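Note sheet for the following structure.
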Amino acid sequence: MAYDALAESLRLIISGLPDGPVRLSRRRRFAPVAVDVDGNVAATRFLRRGVGCYWDETHLLAVDNHGAWRTLGGGGASYDEDPTAEEFERARDDLPPYQVAMSGSAGVVRDGNPPLPWGRQWVRGSAVLVGHGVAELHVNGRHLPVPYHGHLIVVWSSRRPPTVTAHDGTGRTVATATVSPT
(Lines give C-alpha, C1' and ligand atoms only; values in the text may rest on other atoms or scores of the structure.)
Protein backbone atom coordinates (compact mmCIF):
# COMPACT_ATOMS: atom_id res chain seq x y z
CA MET A 1 0.00 0.00 0.00
CA ALA A 2 1.41 3.37 -1.02
CA TYR A 3 1.06 6.79 0.55
CA ASP A 4 1.13 10.26 -0.96
CA ALA A 5 4.85 10.99 -0.60
CA LEU A 6 4.54 14.66 -1.54
CA ALA A 7 1.62 15.36 0.83
CA GLU A 8 3.26 13.52 3.72
CA SER A 9 6.63 15.17 3.03
CA LEU A 10 4.96 18.59 3.07
CA ARG A 11 3.35 17.71 6.39
CA LEU A 12 6.84 16.93 7.79
CA ILE A 13 8.39 20.10 6.34
CA ILE A 14 5.65 22.27 7.84
CA SER A 15 4.94 20.51 11.15
CA GLY A 16 8.05 18.44 11.86
CA LEU A 17 8.11 14.96 13.31
CA PRO A 18 5.37 13.74 15.65
CA ASP A 19 6.26 13.95 19.34
CA GLY A 20 5.98 10.23 19.98
CA PRO A 21 6.46 6.99 18.10
CA VAL A 22 4.22 6.17 15.16
CA ARG A 23 3.81 2.40 14.98
CA LEU A 24 3.34 0.50 11.74
CA SER A 25 0.26 -1.72 11.68
CA ARG A 26 -2.31 -3.09 9.26
CA ARG A 27 -4.12 0.25 9.50
CA ARG A 28 -1.07 2.52 9.71
CA ARG A 29 1.04 1.51 6.71
CA PHE A 30 3.74 4.21 6.91
CA ALA A 31 5.53 6.25 9.55
CA PRO A 32 7.62 9.43 9.28
CA VAL A 33 11.20 8.97 10.44
CA ALA A 34 13.11 12.18 9.65
CA VAL A 35 13.10 15.54 7.85
CA ASP A 36 15.75 18.12 6.98
CA VAL A 37 15.25 21.42 5.15
CA ASP A 38 18.13 23.50 3.79
CA GLY A 39 16.71 26.63 2.18
CA ASN A 40 14.90 25.54 -0.96
CA VAL A 41 15.75 21.82 -0.77
CA ALA A 42 14.50 19.16 1.64
CA ALA A 43 14.73 15.46 2.38
CA THR A 44 12.16 13.31 4.15
CA ARG A 45 12.41 9.72 5.32
CA PHE A 46 9.60 7.22 5.94
CA LEU A 47 9.19 3.58 6.86
CA ARG A 48 6.43 1.86 4.90
CA ARG A 49 4.92 -1.53 5.54
CA GLY A 50 4.68 -3.68 2.43
CA VAL A 51 3.49 -7.23 1.81
CA GLY A 52 6.05 -9.46 3.47
CA CYS A 53 8.59 -6.65 3.68
CA TYR A 54 9.09 -3.08 4.76
CA TRP A 55 10.49 -0.11 2.87
CA ASP A 56 12.87 2.55 4.17
CA GLU A 57 12.29 5.45 1.75
CA THR A 58 13.93 8.83 1.23
CA HIS A 59 12.27 11.60 -0.79
CA LEU A 60 14.19 14.63 -2.09
CA LEU A 61 12.26 17.84 -2.72
CA ALA A 62 12.91 21.35 -4.00
CA VAL A 63 10.99 24.58 -4.32
CA ASP A 64 10.02 25.23 -7.95
CA ASN A 65 9.84 28.56 -9.82
CA HIS A 66 6.33 29.15 -8.44
CA GLY A 67 7.38 28.74 -4.79
CA ALA A 68 5.80 25.30 -4.35
CA TRP A 69 7.57 22.19 -3.12
CA ARG A 70 7.89 19.37 -5.64
CA THR A 71 9.30 15.88 -5.36
CA LEU A 72 12.49 15.35 -7.35
CA GLY A 73 13.01 11.67 -6.59
CA GLY A 74 14.77 9.69 -3.93
CA GLY A 75 15.70 6.19 -3.02
CA GLY A 76 15.07 3.39 -0.64
CA ALA A 77 15.59 -0.17 0.34
CA SER A 78 13.32 -3.05 1.19
CA TYR A 79 13.86 -5.72 3.79
CA ASP A 80 12.44 -9.25 3.84
CA GLU A 81 10.89 -9.02 7.27
CA ASP A 82 8.67 -6.37 8.77
CA PRO A 83 10.64 -4.78 11.56
CA THR A 84 8.98 -4.03 14.80
CA ALA A 85 9.26 -0.49 16.06
CA GLU A 86 11.48 -1.85 18.81
CA GLU A 87 13.94 -3.35 16.28
CA PHE A 88 14.13 -0.06 14.38
CA GLU A 89 14.76 1.79 17.65
CA ARG A 90 17.35 -0.78 18.80
CA ALA A 91 19.50 -0.23 15.68
CA ARG A 92 21.43 2.41 17.58
CA ASP A 93 22.07 0.14 20.58
CA ASP A 94 25.11 -1.35 18.84
CA LEU A 95 26.71 2.08 18.31
CA PRO A 96 29.06 3.70 20.80
CA PRO A 97 27.22 6.54 22.61
CA TYR A 98 28.69 9.37 20.54
CA GLN A 99 29.03 7.73 17.12
CA VAL A 100 27.58 9.19 13.92
CA ALA A 101 27.04 6.51 11.23
CA MET A 102 25.92 7.05 7.64
CA SER A 103 23.48 4.39 6.51
CA GLY A 104 22.51 5.22 2.92
CA SER A 105 22.07 8.06 0.47
CA ALA A 106 20.09 9.32 -2.50
CA GLY A 107 20.75 12.02 -5.08
CA VAL A 108 18.94 13.59 -8.03
CA VAL A 109 19.64 16.38 -10.51
CA ARG A 110 17.53 19.40 -9.61
CA ASP A 111 17.21 20.66 -13.17
CA GLY A 112 18.65 19.48 -16.43
CA ASN A 113 19.15 22.85 -18.13
CA PRO A 114 22.96 22.93 -18.30
CA PRO A 115 24.18 20.31 -20.79
CA LEU A 116 27.17 19.10 -18.77
CA PRO A 117 26.80 16.97 -15.61
CA TRP A 118 29.13 19.18 -13.54
CA GLY A 119 27.00 22.25 -14.38
CA ARG A 120 23.81 20.75 -12.97
CA GLN A 121 22.60 21.30 -9.44
CA TRP A 122 22.30 18.09 -7.46
CA VAL A 123 20.19 17.55 -4.39
CA ARG A 124 21.45 14.82 -2.12
CA GLY A 125 20.28 13.25 1.10
CA SER A 126 22.02 10.86 3.44
CA ALA A 127 20.52 8.74 6.19
CA VAL A 128 22.30 9.08 9.52
CA LEU A 129 22.12 6.95 12.66
CA VAL A 130 23.54 8.31 15.91
CA GLY A 131 24.37 6.75 19.27
CA HIS A 132 22.33 7.32 22.43
CA GLY A 133 24.68 10.07 23.66
CA VAL A 134 23.93 12.39 20.72
CA ALA A 135 21.07 14.84 21.30
CA GLU A 136 21.47 17.16 18.30
CA LEU A 137 23.30 17.41 14.97
CA HIS A 138 24.53 20.73 13.58
CA VAL A 139 24.76 20.92 9.80
CA ASN A 140 25.69 24.19 8.07
CA GLY A 141 23.99 26.30 10.73
CA ARG A 142 20.94 24.04 11.02
CA HIS A 143 20.17 22.28 14.29
CA LEU A 144 18.60 18.84 13.90
CA PRO A 145 17.26 17.43 17.17
CA VAL A 146 17.75 13.67 17.39
CA PRO A 147 14.43 11.81 17.54
CA TYR A 148 13.91 9.04 20.09
CA HIS A 149 14.98 6.38 17.55
CA GLY A 150 18.26 8.07 16.50
CA HIS A 151 17.57 7.99 12.73
CA LEU A 152 17.95 11.27 10.81
CA ILE A 153 18.28 12.53 7.25
CA VAL A 154 20.66 15.27 6.06
CA VAL A 155 20.07 17.18 2.81
CA TRP A 156 22.47 19.35 0.80
CA SER A 157 22.81 20.84 -2.68
CA SER A 158 26.44 21.94 -2.67
CA ARG A 159 29.13 20.06 -4.56
CA ARG A 160 30.79 18.88 -1.36
CA PRO A 161 28.98 16.91 1.31
CA PRO A 162 28.50 18.77 4.58
CA THR A 163 30.24 18.12 7.86
CA VAL A 164 27.95 17.31 10.77
CA THR A 165 28.79 18.06 14.36
CA ALA A 166 27.16 15.91 17.03
CA HIS A 167 26.30 17.44 20.40
CA ASP A 168 25.27 15.80 23.65
CA GLY A 169 22.43 16.96 25.90
CA THR A 170 24.59 19.69 27.44
CA GLY A 171 25.52 21.15 24.04
CA ARG A 172 29.07 19.80 24.15
CA THR A 173 30.54 18.68 20.79
CA VAL A 174 31.08 14.92 20.96
CA ALA A 175 31.75 13.94 17.33
CA THR A 176 32.30 15.35 13.87
CA ALA A 177 31.80 13.50 10.59
CA THR A 178 31.55 14.32 6.90
CA VAL A 179 28.31 13.08 5.38
CA SER A 180 28.87 10.26 2.91
CA PRO A 181 27.38 10.98 -0.53
CA THR A 182 27.20 7.29 -1.42
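The values are calculated or read from the model by the stated rules, or taken from the named source; none is laboratory data. Only a predicted model underlies this, so the values are computations on that prediction, with no experimental measurement involved. Quick reminder, even Gly has a Cβ in these numbers, built from the backbone with ideal geometry, and neighbours come from all protein chains shown.
For this structure, a couple of remarks:
- Members of region 1-52 found to be within 23 Å of Trp122 (Cα to Cα), small (Gly, Ala, Ser) and in a loop (DSSP other than H, G, I, E, B), listed by number: Gly39
- Among the residues of region 166-182, those that are over 17 Å from Arg124 (Cα atoms) and either surrounded by 15 or more Cβ atoms within 10 Å (Cβ to Cβ) or among the aromatic types (Phe, Trp, Tyr) (or both) comprise Ala166, His167, Asp168, Val174, Ala175.
- Count of region 1-23 residues which are of a type in the set (Val, Ile, Thr) and surrounded by 11 or more Cβ atoms within 10 Å (Cβ to Cβ): 2
- Whichever residue in region 19-39 is without any contact (Cβ under 8 Å) to a residue 60 or more places away in the chain and in contact with a strand residue (DSSP E or B) (Cβ under 7 Å, 6 or more places away or on another chain) and, among such residues, is nearest to Asp64 (Cα to Cα): Pro32
- Checking each residue in region 41-60 for being free of Cβ contacts under 8 Å to residues at least 60 places away in the same chain and in contact with a strand residue (DSSP E or B) (Cβ under 8 Å, 6 or more places away or on another chain) picks out Phe46, Leu47, Arg48, Arg49, Gly50, Cys53, Tyr54, Trp55, Glu57, His59.
- Scan of region 1-54 for residues that are of a type in the set (Ser, Thr, Tyr) and either over 23 Å from Ser158 (Cα atoms) or more than 13 Å from the chain's Cα centre (by Cα) (or both), ordered by number: Tyr3, Ser15, Ser25, Tyr54
- Leading residue by the ranking (modelled with the lowest pLDDT) among those in region 24-36 that are surrounded by 13 or more Cβ atoms within 10 Å (Cβ to Cβ) and either small (Gly, Ala, Ser) or touching a helix residue (DSSP H, G or I) at 6+ places or on another chain (Cβ under 6 Å) (or both): Ala31
- Residues of region 129-182 that turn out to be within 15 Å of the chain's Cα centre (by Cα) and of a type in the set (Asp, Glu), as a count: 1
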